[in-house]
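Peer 1: The structure is given below, and queries will be raised subsequently.
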Amino acid sequence: MKYIYLDESINENYVGYGALFVTDGNLAKQVVDKALIDLIKDPDRYGKQCKELDDRTISRQFFHACDDSKNAHSHLCTAINILLKGEFYSQVFDINKMSKEESSIEYLFDLTSGLSSLKMFETRELVTIVFEERNGLTKQKIEEWLNCYSNNVVASVYDHPYIPTLFPEVKIEISSKKNSGLQCCDFLLWTVMRRLQGKSTWYDRLNSCFKSESSPSNNEWFGFYMDFGKLKEEDNINYRLEDFPVDSDSKISQTELIEFYLYAERVLLHLSQNGVPPYLKYMEANIIKLADEVLDEDTNRVKKVADMYIRLFDTLPVISADCSAKDKEFFLFSKKYMALVLRDDHIQGVRTRMFLDRERKNLLKVNPQIFKENA
């Protein structure tokens, strides 16, 4: 299981989210426990500058970066450097450089939390996303946010079919500031926000294995990454960038488009008849429902099948380790053009879906058995 802890921050200039990814749910607790113990033992906490803040931190038994003293910052920073294993991503926008429509706080919270969490699409393991509670934040809103970003990622596969894109089961939690993972994320994001204000002391004291920063020339937004021990990369991705054919559009005929769609149908039928791997159990009911309705005259079926096929493509995966070069090319083409079907913003996507809808209706009349061949 993997965990994503998400925390937001806002001041007069910047709005952003930080996302901390870890594989061990107890690791953040160990970090916070060590930091609290070391703070309690620290004789400096009795000094005039720190006593009131440190007493409050110890009394409430959790860290909150904007309320803590330099002593508390120091011990939490040290514990993170020693114990934390994971990756931190952050996306922050400069409110003053956004248009009025784009500078809505809720819009920016949605945008930055989504951008910061894209790593969830790189694993087959169950992902638990933990949001810090705030006014108006509900599980329903988070589910809508998750569906929106999942759909956007599915649609983006057409543009980048050579990038493995996995769709794990996701559980959602809303937790208080006492959550250990959120405390670590809060501190990391706080250092980022301070750096943007020209105060880099605590950001520089984080001894991550690797740090990177990015921004456009107008500094409208900023991306930060810190690696405290990369998460294990997924295996069973049996293709590389160079495997994807060049000039694919010139090689695909209408007949091949139909074959890509029929193959997607057969994958669903095969899984419904033979079962799914444990990590895909959360999709099983939808797969079976789609397979059972293979001969129904559903005018939206092509889009539904394409959507499920893209979610399964790398998560299953469709391409096996012993796949021939010819079959690999077919599968990679199928990934690209089934994703094209989902692009309502792309005229060729709409036309391709209309074409496949029409061909499906014809096949249902003249040769319905073709949908079940080699299932």
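The values are calculated or read from the model by the stated rules, or taken from the named source; none is laboratory data. All figures in this text were calculated on a predicted structure; none of them were measured in a lab. Ideal geometry is used to build each Cβ from the backbone, glycine not excepted, and the neighbour counts take in all protein chains shown.
Peer 1: For region 83-92, which residues satisfy the criterion of being buried (at least 21 other Cβ atoms within 10 Å of the Cβ), outside any loop (DSSP other than H, G, I, E, B) and among the hydrophobic types (A, V, I, L, M, F, W, C)?
Peer 2: F88, V92
Peer 1: Can you name the number of the only condition in (1) exposed (fewer than 15 other Cβ atoms within 10 Å of the Cβ); (2) out of contact with any helix residue (DSSP H, G or I) (no Cβ under 6 Å at 6 or more places or on another chain) that V192 fails?
Peer 2: (1)
For (1) at pLDDT 95 or above; (2) within 27 Å of the chain's Cα centre (by Cα); (3) in the same structural domain as G275 (by TED's automatic domain parsing), each residue gets a yes or a no:
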residue: L316; (1), (2), (3): yes, yes, yes
residue: D322; (1), (2), (3): no, no, yes
residue: K335; (1), (2), (3): yes, yes, yes
residue: D344; (1), (2), (3): no, yes, yes
residue: L356; (1), (2), (3): yes, no, yes
residue: L364; (1), (2), (3): no, no, yes
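Peer 1: Where in region 191-297 are the helices (runs of 4 or more DSSP H), entirely inside, with at least 2 residues that are under 20 Å from I319 (Cα atoms) and without any contact (Cβ under 8 Å) to a residue 60 or more places away in the chain?
Peer 2: 254-274, 281-292
Peer 1: A further question follows. Could we say that L363 is farther than 27 Å from S320 by Cα and out of contact with any strand residue (DSSP E or B) (no Cβ under 6 Å at 6 or more places or on another chain) here?
Peer 2: yes
Peer 1: From V341, V302, V276, which residue is of a type in the set (A, V, I, L, M) and closer than 17 Å to D249 by Cβ?
Peer 2: After applying the criteria, what remains is V341.
Peer 1: Quick test for you: out of I105, I80, I95, pick the one residue that is surrounded by fewer than 21 Cβ atoms within 10 Å (Cβ to Cβ), over 30 Å from F167 (Cβ atoms) and in the same structural domain as F167 (by TED's automatic domain parsing).
Peer 2: Result: I95 is the single residue among I105, I80, I95 that is surrounded by fewer than 21 Cβ atoms within 10 Å (Cβ to Cβ), over 30 Å from F167 (Cβ atoms) and in the same structural domain as F167 (by TED's automatic domain parsing).
Peer 1: Which numbered condition trips up D243, out of (1) modelled with pLDDT of 90 or more; (2) under 27 Å from the mean Cα position of the chain (by Cα)?
Peer 2: Evaluating D243 over (1) modelled with pLDDT of 90 or more; (2) under 27 Å from the mean Cα position of the chain (by Cα) leaves (1) as the failure.
Peer 1: Among the residues of region 44-101, which ones are touching a strand residue (DSSP E or B) at 6+ places or on another chain (Cβ under 9 Å) and acidic (D, E)?
Peer 2: E87, D94, listed by residue number.
Peer 1: Of these, L126, L182, which one is crowded, with 21+ Cβ neighbours inside 10 Å, within 21 Å of the chain's Cα centre (by Cα), in contact (Cβ under 8 Å) with a residue 60 or more places away in the chain and assigned by TED's automatic domain parsing to the domain that holds V15?
Peer 2: L182
Peer 1: Go through region 58-84 and count every residue that is in contact with a helix residue (DSSP H, G or I) (Cβ under 6 Å, 6 or more places away or on another chain) and of a type in the set (D, E, K, R).
Peer 2: 1
Peer 1: Separate question: If we scan region 51-67, do we find a residue that is among the charged types (D, E, K, R) and not in a helix (DSSP H, G or I)?
Peer 2: no
Peer 1: Give just the number: which of (1) at pLDDT 90 or above; (2) within 24 Å of L189 (Cα to Cα); (3) in contact with a Leu (Cβ under 9 Å, 6 or more places away or on another chain) does S117 not satisfy?
Peer 2: Of (1) at pLDDT 90 or above; (2) within 24 Å of L189 (Cα to Cα); (3) in contact with a Leu (Cβ under 9 Å, 6 or more places away or on another chain), only one is false for S117: (1).
Peer 1: Is one or more of the residues making up region 308-323 part of a helix (DSSP H, G or I) and either of a type in the set (S, T, N, Q) or surrounded by fewer than 17 Cβ atoms within 10 Å (Cβ to Cβ) (or both)?
Peer 2: no
Peer 1: Turning to a different aspect of this structure: Would you please name the residue that is farthest from I237 (Cα to Cα), looking only at residues in region 112-146 that are outside any strand (DSSP E or B) and acidic (D, E)?
Peer 2: Per the criteria, the residue is E133.
Peer 1: Could you list, in sequence order, the residues of region 90-114 that are of a type in the set (G, A, S) and at pLDDT below 90?
Peer 2: S99, S103, S104, S113, G114
Peer 1: Scan region 247-263 and tell me whether some residue there is of a type in the set (K, R), under 24 Å from D159 (Cβ atoms) and over 21 Å from the mean Cα position of the chain (by Cα).
Peer 2: There is at least one residue in region 247-263 that is of a type in the set (K, R), under 24 Å from D159 (Cβ atoms) and over 21 Å from the mean Cα position of the chain (by Cα).
Peer 1: If a residue must be in contact with a Ser or Thr (Cβ under 7 Å, 6 or more places away or on another chain) and not aliphatic (A, V, I, L, M), how many such residues does region 196-231 contain?
Peer 2: Residues in region 196-231 being in contact with a Ser or Thr (Cβ under 7 Å, 6 or more places away or on another chain) and not aliphatic (A, V, I, L, M): 9 in total.
Peer 1: Okay, moving on. Any residue in region 1-30 that is closer than 12 Å to N179 by Cα sitting within a Cβ distance under 9 Å of a residue that is aliphatic (A, V, I, L, M) and exposed (fewer than 15 other Cβ atoms within 10 Å of the Cβ)? List the pairs, counting only those 6 or more apart or interchain.
Peer 2: Qualifying pairs under 9 Å: G25/M1.
Let's see how each residue does on (1) closer than 23 Å to A306 by Cβ; (2) surrounded by fewer than 17 Cβ atoms within 10 Å (Cβ to Cβ):
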site: F210; (1), (2): no, yes
site: S214; (1), (2): no, yes
site: K230; (1), (2): no, yes
site: D249; (1), (2): yes, yes
site: Y261; (1), (2): yes, no
site: A264; (1), (2): yes, no
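Peer 1: Quick test of your reading of the structure: I4 fulfils all but one of (1) surrounded by 15 or more Cβ atoms within 10 Å (Cβ to Cβ); (2) part of a loop (DSSP other than H, G, I, E, B). Name the failing condition by number.
Peer 2: Every condition holds for I4 apart from (2).
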